[in-house]
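Each remark here refers to the structure printed beneath this line.
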Amino acid sequence: MKSSSATMPIGDLAAMFGIAPHVLRHWEEMGLLAPERTSTGRRVYGPAEATRIVLIQISKEGGLSLEQTRQLLADAADRDARRELLRRHSEELRQRIAAAQAALDVVEHAAQCEAEDALACPQLRAKVTGRLPRGLSG
């Protein structure tokens, strides 16, 4: 990576992202980042690394492991393998989003329910009963 005036030391960049410098060093060890080095060996980061940090954070927020993220960010990544990993993971995310939305619906209904006992509310019970395993009833 060619040196530029838009570089910053590890501590400054880590602080901008609200993470500890050791996290960036770990990501470098894993092959996720490749910062420049000064003549004294200090790491300096430029815009390309900042972009990769955002991609790493998005991947983590989406539930990808650091190893999966490394595979996705590798320059020589197999395009078909990358697409398959992302396709599978996008389906997992859709399922997690659907489950979170269903939970939010129950929580919001319970918060606004006029029933004295939320568990006695027919609408809430219908939402909960629909998730009981077969053979059980609420």
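Of all residues in region 89-135, which are of a type in the set (G, A, S), modelled with pLDDT of 85 or more and exposed (fewer than 10 other Cβ atoms within 10 Å of the Cβ)? Passing the criteria: only A111. Scanning region 54-103 for residues that are closer than 12 Å to L33 by Cα and touching a helix residue (DSSP H, G or I) at 6+ places or on another chain (Cβ under 6 Å) returns I56, T69. On inspection, A102 passes the criterion of being assigned to a helix (DSSP H, G or I), within 30 Å of T129 (Cα to Cα) and over 18 Å from the mean Cα position of the chain (by Cα).
The helices (runs of 4 or more DSSP H) falling completely within region 1-70 include none with 1 or more residues that are in contact with an Asp or Glu (Cβ under 6 Å, 6 or more places away or on another chain) and over 30 Å from R87 (Cβ atoms).
Considering (1) modelled with pLDDT of 90 or more; (2) outside the structural domain of H26 (by TED's automatic domain parsing), the lone condition that E61 does not fulfil carries the number (2).
Mind telling me which of the residues G11, G18, G46 ends up being in contact with a strand residue (DSSP E or B) (Cβ under 8 Å, 6 or more places away or on another chain) and farther than 30 Å from K127 by Cα? Break it down into steps so the answer makes sense when it comes.
Details: G11 fails: in contact with a strand residue (DSSP E or B) (Cβ under 8 Å, 6 or more places away or on another chain); G18 fails: in contact with a strand residue (DSSP E or B) (Cβ under 8 Å, 6 or more places away or on another chain).
Criteria check complete, one pass: G46.
Can you find a residue that is in contact with a Phe, Trp or Tyr (Cβ under 9 Å, 6 or more places away or on another chain) and surrounded by 13 or more Cβ atoms within 10 Å (Cβ to Cβ) anywhere in region 19-28? Scanning region 19-28, I find at least one residue that is in contact with a Phe, Trp or Tyr (Cβ under 9 Å, 6 or more places away or on another chain) and surrounded by 13 or more Cβ atoms within 10 Å (Cβ to Cβ), so the answer is yes.
The values are calculated or read from the model by the stated rules, or taken from the named source; none is laboratory data. Since this is a predicted model, take the numbers as computed values, not measurements. When we count neighbours, we look across all protein chains shown, and the Cβ atoms used for this are built from the backbone with ideal geometry, even at glycine.
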